[in-house]
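One structure is given here, and the rest of the page talks about it.
Since every read-out is calculated from the coordinates, none of them should be taken as a lab result. This one's a predicted model, so the numbers in the text were calculated from it and none came from an experiment. We place every Cβ from the backbone using ideal geometry, glycine too, and count neighbours over all the protein chains shown.
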Amino acid sequence: MLQRVFVWDIIRNTMDIFYPIKIFSDWLTYQIFSIPPKTLLAEAVNFFVFDTIKIFILLAVIIFTVSIIRSFLPQEKIKKILSHKHKYVGNILAAVFGIITPFCTCSAIPLFLGFIEAGVPLGVTFSFLVSSPMINEVALVLLLGMFGLKIALIYTFSGLIIAIISGIIIGQLKAENLIEHIAFKSSANSFIASLELSWKDRFRLAKDYTFCIIKGVWLYVVIGIGVGAWIHGYIPSDFLVKYAGGNKWYAVPLATLIGIPLYSNAAGVIPLVSALTEKGVSIGTTLAFMMAVTGLSLPEFMILRKVMKIKLLAIFAGIVGIGIIFTGYLFNFILK
């Protein structure tokens, strides 16, 4: 126990770049709003303030950075790499690419949109969208430090399989007609990769594109975070332990459903996973919860609703959800 806490403390102290936001959210909640600490309302408001600022900073920085990178990458080249002539190779490449991009769900979406604009097959883009937030080097390091090599590798492999299979299934459904026209719209905010562009032009295009994306999704993000904040503040921390602990048959699906309205990246949710495991929740159940939080978060759905129809959103959630539940049961069976 002490060793796990020590490892997490080292990682947390070196990675917590959002600590100033935490100080600000505490000040706003307890000093300005005068909400008594350790109350349900305080927990909800503090969570809402902190996550709203954090997510919008992440969105702005990641979208801007990705936009700059895209200005150097011809869309035809991206399409050629991921639209591999051998069937399913594109899904594998996209899923592996997702592993090496340490983005949270919301900040992976700009790349997802970029793939669609480049003409990458829809199923391939979904393989990336699933793997990017669910499995990355941050998650691997944290899982390795807290649970050991076996758990870290099994989790990574299972997440990769879920991403590949989900993309293949969606690709087979030929669901391109379920993408909203806004995702394909060619406008001044779309990038034409060129080495002739000056850095000033690249920054201007990146700024315009970032503003355009955030302007279109900000309300959905706020609503999603608001729901997550309410659950965070008003659902007891031992709720999952009480109803999904032990060997109950419904533990894995329940943990998956509980994880969906919440939002976090792997670094934020893994400490909770460790705490739940120590309280007696099975490892497969806690990891299903973690996968749902990182791969099926409500803020993600709120953003994706701007670019895809509800039917495709439901198909995506259903396929990934089934994969997560299967993985949870598999973990519980292997590691019981």
> With r defined as the distance between the Cβ atoms of Val96 and Lys174 and R0 fixed at 22 Å, what FRET efficiency is calculated, to the nearest 0.05?
Replying inline: 0.35
> Roughly what would the spin-label model give for Phe326 and Leu40, points 7 Å off Cα along C-beta, in nm?
Replying inline: 3.8 nm
> Want the number for Trp230 to Ala60: 0.36 nm per residue separation, take away the alpha-carbon distance, what's left?
Replying inline: 58.7 nm
>> Output wanted: per-residue J couplings in Hz (rounded whole) for the range 255-261, from phi through Karplus 6.51 cos²θ - 1.76 cosθ + 1.60, θ = phi - 60°, x for Gly and Pro.
In response: 4, 5, 5, 5, x, 4, x
> What trypsin sites (Lys or Arg not before Pro) does the range 33-71 have in DSSP loop regions with at most 11 other beta carbons within 10 Å?
Replying inline: Lys38
>> Between Lys248 and Ile68, what's the calculated FRET efficiency when r is the beta-carbon distance and R0 is 51 Å? Round to 0.05.
In response: 0.55
> So what J values fall out for the range 166-179 if you push phi through Karplus, 6.51 cos²θ - 1.76 cosθ + 1.60 with θ = phi - 60°, rounded to Hz, Gly and Pro as x?
Replying inline: 4, x, 4, 4, 5, x, 5, 6, 6, 9, 4, 5, 8, 8
> Among 22-31, 125-134, what's the highest-first ranking by average C-beta atoms within 10 angstrom per residue?
Replying inline: 125-134, 22-31
>> Can you list residues from other chains, or at least 5 along the same chain, whose modelled amide H is less than 5 Å from the amide H of Ser282?
In response: Gly246
>> Using each residue's phi in the range 34-50, evaluate 6.51 cos²θ - 1.76 cosθ + 1.60 at θ = phi - 60° and report the 3J(HN,Hα) Karplus result to the nearest Hz, with x for Gly and Pro.
In response: 6, 8, x, x, 6, 9, 4, 5, 4, 4, 5, 5, 4, 4, 5, 4, 4
> Separation between the Tyr19 and Leu149 pseudo-spin-labels, each 7 Å from Cα along Cα→Cβ, expressed in nm?
Replying inline: 3.2 nm
>> Please report the net charge: other residues with Cβ closer than 12 Å to the Cβ of Ile214, K and R +1, D and E -1.
In response: +2
>> Check which residues have an amide H placed less than 5 Å from Phe18's amide H, if you skip close sequence neighbours.
In response: none
>> At 0.36 nm per residue, and after removing the present C-alpha to C-alpha distance, how many nm does the segment from Leu219 to Asp201 gain when stretched out fully?
In response: 3.6 nm
